[in-house]
Amino acid sequence: MSAQEQERLVAWSSELRAVHARLRKALAVTHEAVKRGDPAGPAARDLLLYCHGFCTALDGHHRGEDRELFPAIAAAHPELRDTLTRLQQDHSMIAHLLSGLQASVEAGEPASQLDRHLEGIAAIMESHFRYEERQLLDVLETLALDADPAVVLGPL
């Protein structure tokens, strides 16, 4: 294996860490927007944008993993199928929580309600990311997947 091939293989673990870091930051920015603004006040448009951007980014990340990354891992490492199933179940739960947040923002619910949504998402998201990193980073360092990282891990 050439040095360039090895660099691309190891890059998948780096890509996953980087995407998780950006999503954590996007959640923090969204959380700060909720603290600063009243969803019914003049900051409502900015809050809608932050929440929509975060929800879209996290959902896109999980859809890319389910569509591209997890099938490649399952093919190369069938022993991880149960782990991948658990991660996909997390994705479904997080998608449900994100839709609840979006509905609350669109309904102009109070910041305290939005904050509860964000806290729930943050707890599940962080637990999910940590588990995913523990289970998959070593595998990603050897995964031969020739694909665009934005397609596999979602655009951010």
Next on the checklist: Given the options 145, 156, 140, 136, name the one that is buried (at least 20 other Cβ atoms within 10 Å of the Cβ) and at pLDDT below 95.
Outcome noted: 140
Next on the checklist: Between a residue in the stretch 81-92 that is touching a residue at least 24 places away in the same chain (Cβ under 8 Å) and any residue that is basic (Lys, Arg) and in a helix (DSSP H, G or I), which pairs come within a Cβ distance under 9 Å, given they are 6 or more apart or on different chains?
Outcome noted: 91/63
Item to check | Matching option when the condition is of a type in the set (Asp, Glu) and under 29 Å from residue 46 (Cα atoms), among 141, 68, 106, 132 | outcome: 106
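A quick yes/no check of all residues on (1) of a type in the set (D, E, K, R); (2) under 20 Å from residue 26 (Cβ atoms); (3) outside any loop (DSSP other than H, G, I, E, B):
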position: 52; (1), (2), (3): no, yes, yes
position: 70; (1), (2), (3): no, no, yes
position: 90; (1), (2), (3): yes, yes, yes
position: 108; (1), (2), (3): no, no, no
position: 123; (1), (2), (3): no, yes, yes
position: 133; (1), (2), (3): yes, yes, yes
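Can you find, within the stretch 68-108, the residue that is surrounded by the most Cβ atoms within 10 Å (Cβ to Cβ) among those that are among the β-branched types (Val, Ile, Thr) and over 15 Å from residue 152 (Cα atoms)? Walk me through how you get there before you give the answer.
So the first thing to find is which residues in the stretch 68-108 are among the β-branched types (Val, Ile, Thr), and the list is 73, 83, 85, 94, 105.
Remaining after also requiring over 15 Å from residue 152 (Cα atoms): 83, 85, 94, 105.
Numbers: 83: 19, 85: 12, 94: 20, 105: 23.
So the residue we want is 105.
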Item to check | Lone unmet requirement of (1) over 15 Å from residue 125 (Cβ atoms); (2) modelled with pLDDT under 85 for residue 12 | outcome: (2)
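The values are calculated or read from the model by the stated rules, or taken from the named source; none is laboratory data. Worth saying up front: this structure is predicted, and the values here are computed from it rather than measured. Virtual Cβ from ideal backbone geometry, glycine too; neighbours counted across all protein chains shown.
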